1. Within segment 266-290, take every residue that is of a type in the set (A, V, I, L, M), closer than 11 Å to residue 313 by Cβ and more than 24 Å from the chain's Cα centre (by Cα) and give me the one that is surrounded by the fewest Cβ atoms within 10 Å (Cβ to Cβ).
2. Could you grab me the full set of residues in segment 50-67 that are open to solvent by less than 80 Å² (accessible area, probe 1.4 Å), under 23 Å from residue 103 (Cα atoms) and modelled with pLDDT of 95 or more?
3. Consider only pairs whose beta carbons are under 6 Å apart and that are at least six residues apart or on different chains; among these, list those whose first residue lies in segment 181-194 and is free of Cβ contacts under 8 Å to residues at least 12 places away in the same chain and under 17 Å from residue 229 (Cα atoms) and whose second residue is surrounded by 15 or more Cβ atoms within 10 Å (Cβ to Cβ) and of a type in the set (A, V, I, L, M).
4. Quick one: what pairs do we get from segment 207-218, first residue free of Cβ contacts under 8 Å to residues at least 40 places away in the same chain, second hydrophobic (A, V, I, L, M, F, W, C) and part of a helix (DSSP H, G or I), C-beta under 6 Å, 6+ apart or different chains?
5. Can you run down the residue pairs with Cβ atoms below 6 Å, 6 or more apart or on separate chains, where the first is in segment 219-237 and closer than 24 Å to residue 103 by Cα and of a type in the set (A, V, I, L, M) and the partner is part of a helix (DSSP H, G or I) and open to solvent by 60 Å² or more (accessible area, probe 1.4 Å)?
6. Looking at segment 115-129 only, could you name the residues that are in a helix (DSSP H, G or I) and buried (at least 16 other Cβ atoms within 10 Å of the Cβ)?
7. Please go through (1) assigned to a loop (DSSP other than H, G, I, E, B); (2) hydroxyl-bearing (Ser, Thr, Tyr); (3) in contact (Cβ under 8 Å) with a residue 60 or more places away in the chain for residue 16 and return the number of the only condition it doesn't satisfy.
8. If you take the residues of segment 19-49 that are farther than 26 Å from residue 250 by Cβ and of a type in the set (Lys, Arg), which of them is surrounded by the fewest Cβ atoms within 10 Å (Cβ to Cβ)?
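The values are calculated or read from the model by the stated rules, or taken from the named source; none is laboratory data. Note that the structure is a prediction, hence the values are computed from the model and not measured. Because the Cβ atoms are built from the backbone with ideal geometry, glycine has one as well, and the counts that use them run over all protein chains shown. Only protein heavy atoms, including side chains, enter the accessible area calculation; ligands, DNA and RNA are left aside. Shrake-Rupley method; radii C 1.70, N 1.55, O 1.52, S 1.80 Å.
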Amino acid sequence: MEKVRKIIHVDMDAFYASVEQMDNPDLKGKPVAVGGNRERGVVAAASYEARAYGVRSAMSGKLAALKCPKLVFVKPRFDRYKELSNQIREIFYDYTDLVEPLSLDEAFLDVTENKVNNPSATLIAQEIRDRIKEEVGLNASAGISYNKFLAKTASDINKPNGQAVILPKEAEVFLEKLPIEKFFGIGKVTAEKMKSIGIHNGHDLKQFSLQYLTKKFGKSGLHFFNIVRGIHLSEVQPNRIRKSLSAENTFEKDLSDRVSFEAALLEIFEELKRRIKRTGIKGRTVTLKIKYSDFTIQTRSKTFEQYPEEHKIWETVMDLLQQETLALPVRLFGIGLSNLNVEIEQEHFGKQLWIDFDGEL
């Protein structure tokens, strides 16, 4: 029986632009460019409405405005994108510690063995996407396969807001039909070079020997030879250990009285308890996060010598709430745990196990 990993690639849909549309309802449904302006600068990201006009990232703002006269330019807010990216990664860590972020808006996850004991990477990917939508408010796409290259390729198939699976038995046929510019890692320049020698898709690439590809493309030749045959041995490389476990909620209307504060915090605490149960994580530091109506953020924390039980966490949250009067109406509450029990196990993280695999993902 073949031993195969189960890899998910999660890719947020038009992340920067989608964040701007979420935070500013007036932008919903409109063509939006993050970065640049009508006279100068470069577009960092474009909404799907803008992409329909041919607006793309790395395009000059002037050209983007010519392509889409109604294009709305907004300044990037990288602190906000990073904040949401961290929330999304916290969701990933509920399922596996083998998370390799590629950027703020995409990451690989190895769920061959996972914290929820779900043998289906496909169902895990769907659950992650559902949680990102529910907890963060944004759409994500996902690809599932037995290696990183194929998972990354699959995540583009049903974008936006979809997912696709490439099974081991389907990989070679799928890759033979794939246009060469769609191969992850083959950029515009390399794609044009390949087309100049008659390589337009995976089938064409497969006709060339390893010796020829190495001579023509150097060290990359071996990579091209392997990936078109579905071979990609690079493992998911986690580059950080989880430092916190948290749950939070942004409210439709700002909260301003004690009864609504406690009701909102109880709902958030129930979600945190579910995450504690799912992950087995404990933390010595309890933090209450408060975002006020003017978007200023305050945190209040208490650290214990031992890991507090759930009832003690709730008592601590209430104590932190009463520590001082809240200055303004509240837009967001969050409850977090840090100084986690997993931090002492850091040396064990990153070990990836091979398991017997029957061809389902």
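1. Ranking the qualifying residues of segment 266-290, first place goes to 288.
2. Correct list: 50, 55.
3. Sorted first by the residue in segment 181-194, then by its partner, the pairs are 181/191.
4. Pairs found: 210/225; 213/224; 213/225.
5. none
6. Within segment 115-129, 121, 122, 124, 125, 127, 128, 129 qualify.
7. All conditions are met except number (1).
8. Applying the filter and picking the extreme gives 40.
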